[in-house]
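Visitor: So that we are looking at the same thing, I have put the structure below in structure tokens.
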Amino acid sequence: MKHLFFGGLHPADRKELSAGAQLDVSFRPARVAISMQQHIGVPCTPLVSVGDPVKKGQKIGDGQGLCVPVHASVSGTVTAIEPRRHPSGRDVLAVIIENDGLATADTAMQPHPDYEHLEIDTILGIIREAGVVGHGGAAFPSNMKALTSLGKIDTLIANACECEPYITADDILLRTNPQHVLEGMNIVAKVLQPKRTVLAIEDNKKEAVSQLTPLVRETAIELTVLPTRYPQGAEKQLIQAVTGRQVPSGGLPSDAHCAVFNAATFAAVYRAVCLGQPVTERIVTVSGEGVRAPKNILCPIGTSFEELIAATGGLSEDIWRVVSGGPMMGLAQEDLSVMTIKGTNSVLCLSTQRNQEKENPLCIRCGKCVEVCPMHLQPLHLYRCKNDTAMLSRYHVLDCVECGCCAYTCPGKLPLVETIRRGKSNVKEAKES
């Protein structure tokens, strides 16, 4: 079989668990904890105090430098400003809001449906003020990503691959509000002026493809349907699949003259510019064999995992692990009070039948991890020299995208991703010292 990028694999996607359910737009949490760190960069400083009334969409945190504001996702009263558990596992300062159930909206941001007449700086300012970040997980401020791509790209790509198993958040977005994504692409295209604008989606999302096909027919947007293969949603692999170009080692997508934004990010750009709505909610997939009624939920930012799971009927009796994200790249959670952030696209509840861990993992030198690594790395050597930063650098450990292909295919069930992740941190620390 011819592949569009090296390595990768096709795990059982299990998307049918949540794909068939209607999007739940009625979910309302009792309270939210809005993290001041929802993006790569400088944390926000709270702009409210305990006891303050707030409206939905009101800016409650902001900062200088590489920072975008955060907004109240419900209306109500600030009851606390204190550290709360973040999906990364750290405790991060958060603004706690008791939901009054009224959804009283703040009107500080104004809609600009006629954005064609706006200057580029104005559009980027609106995107920043709305707190738009990458919704695919990286959470890099979208205004800065666009700004640093100006004059450097010829291809703009919407990433709708959603290649991780179980997750269907982008799929249902494209099935329910495809125009939001397409209009967001047009807005970013106005800023970046690419020669090509491509919406890339995998062929296992047939309903979304059928809805998008007639919509793009009269536009400048190309719909590219790719064969399903993990990790096609990773930026470097997607660029290669769409353009045939490779991002150089240590390089950025702009080095291949491309800019890649998640489909949900484009929808957030549309809502910010055309509707005057900041990022206060996003679609989250709650799925897995460990939850009773998997589905997608339009979730106010700051909702606890516990409340989301309760909205799907609760955990089953044989629950093994709850993960923020997908089974390949997600982070296991030990505390269900953890708050959702802008980059949370899935709360995955895995049952004991999915536990593939072994008490005594052993490398049998089969080389399967090398065959599937999309970055042409040698995971077995990275594992063996995990404490040698010089050798890790020699084997290009920083090029690892932590996709999990190596660990998935390893018959000895070595903790490859966890070990390599620690090795990357050690190499970075060694370079900074």
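The values are calculated or read from the model by the stated rules, or taken from the named source; none is laboratory data. Source: prediction; values computed, not measured. Note that we place each Cβ from the backbone using ideal geometry, even for glycine, and neighbour counts take in every protein chain shown. Calculation scope for accessible area: heavy atoms of the full protein, side chains included, ligands and nucleic acids excluded. Shrake-Rupley method; radii C 1.70, N 1.55, O 1.52, S 1.80 Å.
Visitor: In sequence order, what are the phi-derived ³J(HN,Hα) couplings for segment 92-109 according to the Karplus relation 6.51 cos²θ - 1.76 cosθ + 1.60 with θ = phi - 60°, rounded to whole Hz, with x for glycine and proline?
Guide: For segment 92-109, the Karplus-derived couplings read 10, 4, 9, 9, 9, 10, 7, 6, 8, x, 9, 6, 5, 8, 7, 10, 5, 8 Hz, x marking Gly and Pro.
Visitor: Among DSSP bridges having both ends in the chain, what percentage is antiparallel? Round to the nearest 5. Intermediate values should be presented prior to the final figure.
Guide: Values: 38 of 59 bridges.
Of all bridge pairs located within the chain, approximately 65 percent are antiparallel.
Visitor: Spelling out what I want: for every residue of segment 25-40, take phi, set θ = phi - 60°, compute 6.51 cos²θ - 1.76 cosθ + 1.60 (Karplus), and round to whole Hz; glycine and proline get x.
Guide: Running phi through 6.51 cos²θ - 1.76 cosθ + 1.60 with θ = phi - 60° gives 9, 9, 5, 9, x, 6, 7, 10, 10, 8, 5, 7, 10, 10, 8, 6 Hz.
Visitor: Taking all protein chains in place and a 1.4 Å probe, what share, in percent, of the accessible surface of segment 1-90 do carbon and sulfur account for?
Guide: The value for segment 1-90 is 55 percent carbon and sulfur by accessible area.
Visitor: Considering Cα pairs under 8 angstrom that are at least six residues apart, work out the relative contact order of the chain and quote it in whole percent. Let's see the in-between values first.
Guide: On the way: 994 pairs, mean separation 82.0, N = 433.
The normalised contact order for the chain reaches 19 percent.
Visitor: Aspartates and glutamates within cross-link reach of residue 386: Cα-Cα under 19 Å, excluding same-chain residues under 8 positions apart?
Guide: Excluding near neighbours in sequence, the set is 399, 402, 418, 429, 432.
Visitor: Sticking with this one: Please report, in debye to the nearest 20, how large the charge dipole of segment 34-179 is about its Cα centre when each Lys and Arg carries +1 at its beta carbon and each Asp and Glu carries -1 there.
Guide: Working: 10 positive and 17 negative charges, 67 e Å.
Dipole magnitude for segment 34-179 comes out near 320 debye.
Visitor: Determine the distance separating the Cα centre of segment 123-184 from the Cα centre of segment 358-426; give it in Å without decimals.
Guide: Cα centres, segment 123-184 to segment 358-426: 30 Å.
Visitor: Cβ under 15 Å from residue 273's Cβ, residue 273 left aside: what net charge do those residues give with Lys, Arg +1 and Asp, Glu -1?
Guide: Values: positive: 128, 190, 271; negative: 114, 116, 119, 121, 129, 183.
Net charge in that neighbourhood comes out at -3.
Visitor: Also, quick follow-up: Based on Cβ point charges of +1 for Lys and Arg and -1 for Asp and Glu, what charge dipole magnitude is obtained for the chain about its Cα centre, in debye rounded to the nearest 20?
Guide: Details: 43 positive and 45 negative charges, 218 e Å.
The dipole of the chain has a size of about 1040 debye.
Visitor: Determine one quarter of the surface area of the Cα convex hull of segment 318-418, which equals its mean projected area, and express it in nm² to one decimal. Walk me through the intermediate numbers first.
Guide: Details: hull surface 30.8 nm².
Computing the convex hull of the Cα atoms and averaging its projections yields 7.7 nm².
Visitor: What ranking do 297-306, 135-144 get when scored by the average of other Cβ atoms within 10 Å per residue, highest first?
Guide: 297-306, 135-144
Visitor: A further question follows. Cβ under 14 Å from residue 385's Cβ, residue 385 left aside: what net charge do those residues give with Lys, Arg +1 and Asp, Glu -1?
Guide: Values: positive: 384, 386, 394, 422, 424; negative: 388.
Surrounding charge for residue 385 is +4.
Visitor: Give the distance, in whole Å, between the Cα centre of segment 24-59 and the Cα centre of segment 296-321.
Guide: With segment 24-59 and segment 296-321 each reduced to a Cα centre, they are spaced 19 Å.
Visitor: Moving on to the next point. Enumerate the lysines that residue 236 could reach by cross-link, defined here as Cα to Cα under 22 Å, with residues fewer than 8 away along the same chain left out.
Guide: Qualifying lysines at Cα under 22 Å: 2, 145, 152, 195, 205, 368, 424, 428.
Visitor: For the chain, what does the helix formula give at 222 nm: sum of -39500 (n - 2.57) over DSSP H segments with n ≥ 4, over the residue count, nearest 500 deg cm²/dmol?
Guide: Numbers: 14 runs with 123 residues, N = 433.
Dividing the helical sum by the residues of the chain leaves -8000 deg cm²/dmol.
Visitor: Can you find, among 247, 323, 299, the residue farthest towards the positive end of the dipole of segment 235-352? Put +1 on the C-beta of Lys and Arg, -1 on that of Asp and Glu.
Guide: Selected residue: 247.
Visitor: Then there's this: Let me test this: with uniform point scatterers at the alpha carbons of the chain, what is the Debye-based log₁₀ I(q)/I(0) at q = 0.09, 0.13 1/Å?
Guide: -0.56, -1.23
Visitor: Ok, one more. Please report, in whole Å, how far the alpha carbons of segment 202-349 spread along each principal axis, starting with the longest.
Guide: Sorted from largest, the Cα extents of segment 202-349 read 47, 38, 29 Å.
Visitor: Any idea what log10 I(q)/I(0) is at q = 0.16 Å⁻¹ for segment 118-175, Debye with uniform C-alpha scatterers and no solvent?
Guide: -0.65
Visitor: Return a whole-number percent for the relative contact order of segment 374-433, with Cα pairs under 8 Å and 6 or more residues apart as the contact set. Display every interim value, and only then the final one.
Guide: Working: 55 pairs, mean separation 23.7, N = 60.
Answer for segment 374-433 is 40 percent.
Visitor: Could you work out the pair-distance distribution P(r) of segment 150-197 from its alpha-carbon pairs, with 5 angstrom bin width and percents rounded to whole numbers?
Guide: 5, 20, 24, 19, 16, 12, 5, 0
Visitor: Can you give me the relative contact order of segment 341-400 as a percent, contacts being Cα pairs under 8 Å and 6 or more apart? Provide the component values of the computation, followed by the final result.
Guide: Working: 26 pairs, mean separation 13.0, N = 60.
That works out to 22 percent.
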